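**Q** First the structure, which I've put down as structure tokens, then a few questions once you've had a look.
The values are calculated or read from the model by the stated rules, or taken from the named source; none is laboratory data. Being a predicted model, the structure only gives us computed values, none of them experimental. Every residue, glycine among them, receives a Cβ derived from its backbone with ideal geometry; neighbour counts consider all protein chains shown.
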Amino acid sequence: MAGRLKTILSRVAQAAPVVVGVVIVTFVLTRALPGDPAVYFAGAAADEASIAEIRTALGLDKSLPEQFVLYVGDLLRGDLGESISTGQPVVTELARRLPASLELTLTALLLSCGVAIPLGVLAATRPGSWADHLCRVLVTAGVSLPTFFTGLALIYVFYYLLGLAPTPIGRLDFIYLEPPRVTGFFLVDAALAGDWETWWGAARQIVLPAVTLALFTLAPICRITRAAMLQALSADFVRTARAAGLTRPTVIYRYAFHNAMLPVITTLGMVFSFTLGANVLVEKVFAWPGIGSYAVDALVVSDYAAVQGFVLAMALLFVALNLAIDIAYTLIDPRIGFEN
Amino acid sequence: MALLDIKELAVAFRTRRGTVEAVRGVSLEVARGETLAIVGESGSGKSVTSYALMRILDAGGTIRAGEITYGGMDLRRAAERDMADIRGREISMIFQNPRAALNPIRKVGRQIEDVLLRHGRATRQDARAKAIQAMEAVRIRDAASRYHAYPFELSGGMCQRVVIALALACDPKLLIADEPTTGLDVTTQKAVMDLVSELIRERGLSAILITHDLGLAAAYSDRVAVMRDGELVEQGPAAAIFADPQHPYSRKLVAATPREGVGIRELLPPEARTPAPPVQIGGRALLEVRRLTKTFEGEGAPVHAVKDVSFSIRESESVGLVGESGCGKSTTSAMIMRLLDPTAGEILFDGDDLAKTPSRRFARDPRRASLQLVFQDATDSLNPRFTARASIADPLARLGGLDRAARRRRVEELADLVGLPQPLLERFPHQLSGGQKARVGIARAIALEPKLLILDEPTAALDVSIQAVVLNLLADLKARLGMSYLFVSHDLQVVRLLCDRIVVMRGGEIVEQGPAERIMTAPESDYTRSLLDAVPKPPSGGAPTVPPPARAIAR
């Protein structure tokens, strides 16, 4: 156990230089972008003088190293600057939008794991059965249908034709009040407040975008689960377990599935990262006030502070996620932490 | 009445290339308290027979015909639920490669508990105590703390003890041991087999020992059944099969088993025994290893893999490097091959110190061509996407400096030299048999006419009859091409056949070295003696068929 604790601590320590690197790269990258924010901010009628004035106000007239020092100083104080286009502090906006994206992504992943993992296990234990074929169809469909298409199709069927779904206009209909903010996840906050009417409203809103994303993430999870299970089931130790007379559920879950978990968790981490980045389209289709659409808008108008804040937040999130996966791995697999 | 009665068993597997009949009409009996050995080479159906009677055949395998009766019960038609009760409680199995046979991420004690709980031999409260008892029964010292170990924390021999504990935890009547010592060192093999036979005697078990090793079968069984291509060839008392094999295949198998007092040519069937070409051992040392040392610096204490090792190989001489796993023989050969940099010491090759060139740069060194390696696993050491021709031509293209047409001719020449039929040159590794792959590996190694060939357990993965052919091929090639060999192996009986001198290593140090005859007959060190004693001996008087001719190979 001491070995494992050491491994976990060293993984945490390894994350620190990554964070420093991320800060530097975000800064350099945003400065390297084409377009002059001062010109954009000053508007079409501005003259040289007013542009220079704005440039000074934004601190863009200083040299790059000076700007960097200022940037890091602000960062340490938790100040990510103000968005030029909205005039709001970037921290406030991220704090409001990031939970929206996270809530959507996590709900989608829960949904897709709930379907994909059992389906993958079934497909592996009964090759050639209906589950195996369903698995194959879902994987193909999930990969080949773009999210905006699935999203639009779902809206067309469930909102326009059947009228089952609410208007796709964000996290909550206007008739509800936002629940008191604790985690920023409406479903959690509403439940905490005991406001089940709002919870229901938020749940109705999130179903369609979550299903859209889930369909997209189903494919890799399902495929990896099936492959990992097939490999685990053909391993020698499964044969030993069978020869010892262990029951089929024990063999499949305690022996094969526990071992198959390892690749599945790795894939889950990867899927989570790319979903968080790739759900811009879904957010646009469902008018979801998430972090993806915020970043795209900021990028179009060279909104330095907002883009920097977004990239930084995402990078930190990825670092944290990878850390979490490493730790999960260490907890599941006793072999980690003993190799040099 | 016999405890187990198998009648006319037939097992078939559905594969992509059609149906394969793995077992065809096999009839066997095991009496109470009897140990039956099933002997055969790979693909003989010996393991499949036992999987069929346990009804744990891999997907696609079905019992086509026959009867399996165990203590009056029809196993072939028993319900799956009843079979699951029988497995582990009435009939148990132990397997080869014990570390892989255990769940890698579950404590070994818990794995034994799983079986105890499944068969109602323990309750949640006393499961741990009973699991520890089961571990103590297989002589695992300090079982209470080993209970918490994971398989990767235990040695191979210890893992096999855990597998045995698991198999015997619920007091079965019949134990099936499927190649239980493959992959273990000779001394560990002896310890494990002695333990198994002791437990069998103690508990009055019946047993089936499945093995490719005739010596092992003869030493640890009452009766031997020989299988080939899914059919039973011959069965009889262990001593009789060895002393007087009736079937031509049993005769061939007995003859091909390396054993005391038998020369390399005698392993082959009589009609294939050609007189061995004479070998003149030169007086000059080709390779001289002086005070070679390798220390691996890790996070913990430094590991002294090789300590102060010195020996030499003369021109056209074969030297065997023998020892158990972890003795440093592979590290030594990797340093001579210049794949690893020594911590200290000299490697004089033709008078030049190779250790002066860092291993990183040695790949481009002109002297690289004169040192070549034949690997242990003929399958894994071939690029699966290269044809045999491409594999053999690879070193020629890199170091040989030949043009395309010359390379083609040279590859064909080499194929003839190693006895690989030319049409097979266009095949990929998975389309070749084990022996053919070994030939490709050898052809690739001798393509550049090396002066020194390092053979790293080249026959360890081969069946005995193929091993006999490959060993003879190596002897012939050495005589024809005048190469020197460094033969790395754990098996003294195999090394003796090919080598003039033997170096025995243990714990990174040389225990003793000397002429092969002397080491085999009058070892000075106790360790060498224990290695020799650990090899299971076939019953003596085992000279089959024709009387042995005079030692065929000149020494």
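**Q** Tell me whether segment B:37-51 contains one or more residues that are within 13 Å of chain A (Cβ to nearest Cβ), under 23 Å from A:L233 (Cα atoms), among the small types (G, A, S) and in contact with a Leu (Cβ under 8 Å, 6 or more places away or on another chain).
**A** No, segment B:37-51 contains no residue that is within 13 Å of chain A (Cβ to nearest Cβ), under 23 Å from A:L233 (Cα atoms), among the small types (G, A, S) and in contact with a Leu (Cβ under 8 Å, 6 or more places away or on another chain).
**Q** Away from chain B (no Cβ under 14 Å), among the polar types (S, T, N, Q) and either assigned to a helix (DSSP H, G or I) or at negative phi (or both), is that true of A:Q205?
**A** Yes, satisfied.
**Q** Same structure again: Give segment A:305-329 a look and list any residue that's among the aromatic types (F, W, Y) and farther than 11 Å from A:A295 by Cα, or say none.
**A** Residues of segment A:305-329 that are among the aromatic types (F, W, Y), as a first pass: A:310, A:318, A:329.
Correct list: A:F318, A:Y329.
**Q** Additional query: For A:G81, are the conditions met, namely being under 30 Å from A:A57 (Cβ atoms) and either more than 24 Å from the chain's Cα centre (by Cα) or modelled with pLDDT under 90 (or both)?
**A** yes
**Q** May I pose another question? Please enumerate the residues belonging to segment A:47-63 that are surrounded by 11 or more Cβ atoms within 10 Å (Cβ to Cβ) and more than 19 Å from A:G87 (Cα to Cα). Please lay out each step first, then the result.
**A** Pass one, segment A:47-63, residues surrounded by 11 or more Cβ atoms within 10 Å (Cβ to Cβ): A:50-62.
Answer for segment A:47-63, where residues must be surrounded by 11 or more Cβ atoms within 10 Å (Cβ to Cβ) and more than 19 Å from A:G87 (Cα to Cα): A:A52, A:D61, A:K62.
**Q** Can I ask one more? Given the conditions (1) free of Cβ contacts under 8 Å to residues at least 40 places away in the same chain; (2) touching a strand residue (DSSP E or B) at 6+ places or on another chain (Cβ under 9 Å); (3) among the acidic types (D, E), and given that B:D380 satisfies all but one, which numbered condition is not satisfied?
**A** (2)
Matching residues to (1) buried (at least 17 other Cβ atoms within 10 Å of the Cβ); (2) more than 9 Å from every other protein chain (Cβ to nearest Cβ); (3) touching a helix residue (DSSP H, G or I) at 6+ places or on another chain (Cβ under 7 Å):
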residue: B:M54; (1), (2), (3): yes, no, yes
residue: B:I68; (1), (2), (3): yes, yes, yes
residue: B:D74; (1), (2), (3): no, yes, no
residue: B:M93; (1), (2), (3): yes, no, yes
residue: B:A101; (1), (2), (3): yes, no, yes
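**Q** Which of the following residues is at pLDDT 85 or above, touching a Lys or Arg at 6+ places or on another chain (Cβ under 9 Å) and part of a helix (DSSP H, G or I): A:L317, A:L323?
**A** None of the other options fit; the residue is A:L323.
**Q** Please determine, by comparing only the residues of segment A:234-243 that are of a type outside the set (A, V, I, L, M) and in a helix (DSSP H, G or I), which one is farthest from the other protein chains (Cβ to nearest Cβ).
**A** Across segment A:234-243, the extreme among qualifying residues is A:R239.
**Q** Being small (G, A, S) and surrounded by fewer than 18 Cβ atoms within 10 Å (Cβ to Cβ) is the filter; apply it to segment B:114-136 and report the residue that is nearest to the other protein chains (Cβ to nearest Cβ).
**A** So in segment B:114-136, the residues small (G, A, S) come out as B:120, B:122, B:127, B:129, B:131, B:134.
Now narrow it down to the ones that are surrounded by fewer than 18 Cβ atoms within 10 Å (Cβ to Cβ): B:120, B:129.
Values: B:G120: 11, B:A129: 19 Å.
Step by step, filter segment B:114-136, then rank; the result is B:G120.
**Q** May I ask you to list the residues in segment B:196-215 that are within 15 Å of B:K537 (Cα to Cα) and buried (at least 24 other Cβ atoms within 10 Å of the Cβ)?
**A** Matches in segment B:196-215: B:T211, B:L214.
**Q** Name, by its number, the condition in (1) closer than 25 Å to B:T181 by Cα; (2) surrounded by fewer than 23 Cβ atoms within 10 Å (Cβ to Cβ); (3) among the small types (G, A, S) that does not hold for B:A37.
**A** Checking B:A37 against (1) closer than 25 Å to B:T181 by Cα; (2) surrounded by fewer than 23 Cβ atoms within 10 Å (Cβ to Cβ); (3) among the small types (G, A, S), the one that fails is (2).
**Q** Within segment B:267-321, restricting attention to residues that are among the acidic types (D, E) and closer than 25 Å to B:P515 by Cα, which residue is farthest from the other protein chains (Cβ to nearest Cβ)?
**A** Restricting to residues being among the acidic types (D, E) and closer than 25 Å to B:P515 by Cα, the top hit is B:E315.
**Q** From the list A:S293, A:S302, which one is closer than 28 Å to A:F186 by Cβ and more than 14 Å from chain B (Cβ to nearest Cβ)?
**A** That would be A:S293, the only listed residue that is closer than 28 Å to A:F186 by Cβ and more than 14 Å from chain B (Cβ to nearest Cβ).
**Q** Can you say whether B:L473 is in a helix (DSSP H, G or I) and under 17 Å from B:E266 (Cβ atoms), as far as the supplied structure shows? Even if it seems obvious, please write down each step before you answer.
**A** On the way: in a helix (DSSP H, G or I): yes; under 17 Å from B:E266 (Cβ atoms): yes.
So B:L473 passes the test.
**Q** Please go through (1) more than 7 Å from chain A (Cβ to nearest Cβ); (2) at pLDDT below 90 for B:Q111 and return the number of the only condition it doesn't satisfy.
**A** The number of the failed condition is (2).
**Q** Restricting to segment A:244-258, and then to whatever is at the interface with another protein chain (Cβ under 7 Å from one of its Cβ atoms) and of a type in the set (V, I, T), can you tell me which residue is surrounded by the fewest Cβ atoms within 10 Å (Cβ to Cβ)?
**A** Only one residue fits best here, namely A:T247.
**Q** Next question, about the same structure. Name the residues in segment B:139-173 that are closer than 24 Å to B:A37 by Cα and more than 12 Å from chain A (Cβ to nearest Cβ), would you?
**A** Filtering segment B:139-173 for residues closer than 24 Å to B:A37 by Cα gives B:156-173.
Within segment B:139-173, B:G156, B:G157, B:M158, B:R161, B:D171, B:K173 meet the criteria.
**Q** Now a separate question. Please indicate, with yes or no, whether at least one residue in segment B:230-237 is touching a Phe, Trp or Tyr at 6+ places or on another chain (Cβ under 7 Å), surrounded by fewer than 21 Cβ atoms within 10 Å (Cβ to Cβ) and closer than 22 Å to B:A31 by Cα.
**A** Yes, there is a match, as at least one residue in segment B:230-237 is touching a Phe, Trp or Tyr at 6+ places or on another chain (Cβ under 7 Å), surrounded by fewer than 21 Cβ atoms within 10 Å (Cβ to Cβ) and closer than 22 Å to B:A31 by Cα.
**Q** Here is a follow-up. Looking only at segment B:175-197, count how many residues are away from chain A (no Cβ under 12 Å) and either closer than 21 Å to B:R118 by Cβ or without any contact (Cβ under 8 Å) to a residue 12 or more places away in the chain (or both).
**A** Number of matching residues: 1.
**Q** Also, quick follow-up: So, in segment B:249-274, how many residues would count as being assigned to a loop (DSSP other than H, G, I, E, B), in contact with a Pro (Cβ under 9 Å, 6 or more places away or on another chain) and under 18 Å from B:V469 (Cβ atoms)?
**A** Total satisfying the criteria: 7.
**Q** Out of the residues in segment B:230-246 meeting the condition of being at pLDDT 90 or above and not polar (S, T, N, Q), tell me which one is nearest to B:D194 (Cα to Cα).
**A** Residue satisfying both the conditions and the ranking: B:P237.
**Q** Could you please find all residues in segment B:481-492 being touching a residue at least 40 places away in the same chain (Cβ under 8 Å), in contact with a Leu (Cβ under 9 Å, 6 or more places away or on another chain) and not β-branched (V, I, T)?
**A** Those that are touching a residue at least 40 places away in the same chain (Cβ under 8 Å), in contact with a Leu (Cβ under 9 Å, 6 or more places away or on another chain) and not β-branched (V, I, T): B:M483, B:S484, B:Y485, B:L486, B:F487, B:S489, B:H490, B:L492.
**Q** Which condition breaks for A:D326 when tested against (1) within 14 Å of another protein chain (Cβ to nearest Cβ); (2) of a type in the set (D, E, K, R); (3) touching a residue at least 12 places away in the same chain (Cβ under 8 Å)?
**A** That leaves (1) as the condition not met.
**Q** I would also like to ask the following. Check whether at least one residue in segment B:18-31 is surrounded by fewer than 17 Cβ atoms within 10 Å (Cβ to Cβ), of a type in the set (S, T, N, Q) and without any contact (Cβ under 8 Å) to a residue 40 or more places away in the chain, and report yes or no.
**A** Yes, the conditions are met somewhere in segment B:18-31.
**Q** What's the number of the condition B:Q246 fails, among (1) surrounded by fewer than 23 Cβ atoms within 10 Å (Cβ to Cβ); (2) outside any loop (DSSP other than H, G, I, E, B)?
**A** That leaves (2) as the condition not met.
**Q** Look at A:V296 and say whether it is under 13 Å from the mean Cα position of the chain (by Cα) and either farther than 30 Å from A:Y40 by Cβ or modelled with pLDDT under 90 (or both).
**A** Criteria not met by A:V296.
**Q** So, one more: Considering only residues that are closer than 23 Å to B:G507 by Cα and among the basic types (K, R), which ones fall in segment B:269-313?
**A** B:R290, B:R291, B:K294, B:K307
**Q** Kindly list, by first and then second residue, each pair from a residue in segment A:116-128 that is more than 14 Å from chain B (Cβ to nearest Cβ) and basic (K, R) to a residue that is surrounded by fewer than 21 Cβ atoms within 10 Å (Cβ to Cβ) and in a helix (DSSP H, G or I), limited to pairs with Cβ atoms under 6 Å and residues at least 6 apart or on different chains.
**A** Note: no pairs meet the criteria.
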